[in-house]
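Laboratory data are not the source of any read-out in this text; all were calculated from the coordinates shown. Since this is a predicted model, take the numbers as computed values, not measurements. Cβ sites come from the backbone with ideal geometry, for glycine too, and all protein chains shown count toward neighbours.
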Amino acid sequence: MARPPEGDAEHLLGGRYRVGECIGEGGMARVHRGEDILLGRTVAIKLIRPGIDGVGTPERVRGEVSALASLSHPSLVTLFDAHLDEGETEYLVMEFVDGPPLSHRMDGGPLPREDVAQLAAELAEALHVVHAAGIVHRDVKPSNVLLYRSHLPGRPFRAKLADFGIARLLDDTRVTDTGQVVGTAAYLAPEQVRGAAPAPPADVYALGLVLLEALTGCRAYPHAEGIGTALARLSAPPELPVSLGPRWTSLLARMTAIDPDMRPAALEVAVAAGDILAGSGVPSVSGSVATAAHTMTATAPFPLPAPVEPTLAETVPPPLPTTPPEVAAASAATGTASGPLRSRARRVRRRRRLPIALMTAATVLIVVVGVWAVGALGAPGGGTSPIPPVTESTPDPAPADETIVDPGDGATVDVAVDEAPLTDEIGVEDPGGQPAGVNPAQQNSDEKAQKAAEKEAERAARDAEKAQRDADKAAEKAQKDAEKAAERAGR
């Protein structure tokens, strides 16, 4: 392969790219600042190092270059052009990012957690787009994350993932046949150390280590060096400081799991990072949810996440509590209540129907009798015994599994009558053998009123029992709806 030009500012690659100063260097290529004289813009030109074997068949090269060039995302460095013909200068022309790599930013210590959450959301979404196109980055590390100034308030920078797919773009045989492992040892996934073919979970693992380093200022497995740092991850996951908080430690533990099947997909990481960012009170500016959904519709081979089923509170009017606590706890834990528990709940409700109805009828009767007694004792010619006070008392709290039922349509009984003093006063008689202040005509009228009150009490009891039956039906319907929702969620 011909040696790439150096120092000749007038030499144009492909008749349009002027090569400028070297701004970066890696194992396979050197990065130069360049100029696209046709479009008049600054570009980054990656010159493939001499001595690297050929890049494979022209068909494969064209297919992979086309796949990389088709990727478009704000957090991906865009590939503009490629020239990979053997015997000639091989180069890639990419978007020029005017900013430092993340590795330089981390030299100053840990980054604010809000910045890391935003970084995670942007990079994970970018990886999702790459993975959906069938490409694996293979070398996610701080020096491959470029930062540039954000124009939005509250955000000091935004991130772009660089060098994605370069190892994939170059023919695999030239690195795997010699037993070499593609990637940087400090960020290799355990399966890469074992020699497995790179896959999307390897990129998620590397991103997890990058985020951990950005949060703590320390690289994972700090006590190992060289190949030892790669081998250390085969036996244990990285240590996660408790001070990071449960949401960060949970996400990072999943991302850096030794088993690749236990790691979340890149899109899941983006959503989780967005949740962490939302919890910090800093608005996300990456548009992760909308952009990721759009990307999946356009390019992803797997379907969109299923829409969240409406909760019970959204579909069923909230009934008064009728389910015993133990049944509710079982339902919450398993997603459905067992048959015996439901039967027990029904028996409890049936046993309590009659006491509730009787209590309602008794309350109505007591109020009517009290009104009658007050009228009798206060009639003309009656005695002067004082009317017993009606005291408000706080009833004992109802059990959690009872339903408090309205005894009538729009009518409620809210006062508790002190029964004992009222009975004592009614029992006082005058020397004539009749209760004081009662005459026969009024007594006849009072008896009719008492019978009417008894009928009213019976009606109230019937209404209360009907209301109880309606409440039971509503509770059973709510239970069935909850079970159906749990079954749909478990599918």
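Quick notes
- Long-range tail of P(r) for segment 445-491 (Cα pairs > 12 Å, %): 72 percent
- Interchain or long-range residues, amide H under 5 Å from residue 88's placed H: 2
- Potential lengthening between residue 85 and residue 41 on full extension [0.36 nm per residue; Cα-Cα distance subtracted]: 13.4 nm
- Distant-in-sequence amide H partners of residue 16 (H built 1.01 Å from N, under 5 Å): none
- The 3J(HN,Hα) values that the Karplus relation (6.51, -1.76, 1.60; θ = phi - 60°) gives for segment 189-203 are, in residue order, 7, x, 5, 5, 4, 6, x, 6, 5, x, 9, x, x, 5, 5 Hz. Gly and Pro appear as x.
- Going by neighbour counts of Cβ atoms within 10 Å, the residues 83, 73, 131 line up, fewest first, as 83, 73, 131.
- Rounded to the nearest Hz, the phi-derived 3J(HN,Hα) couplings of segment 205-217 under the Karplus curve 6.51 cos²θ - 1.76 cosθ + 1.60 (θ = phi - 60°) are 4, 4, 5, x, 5, 5, 5, 4, 5, 5, 6, 9, x, where x marks glycine and proline.
- Long-range HN-HN contacts of residue 43 with modeled amide H, under 5 Å: 34, 35, 36
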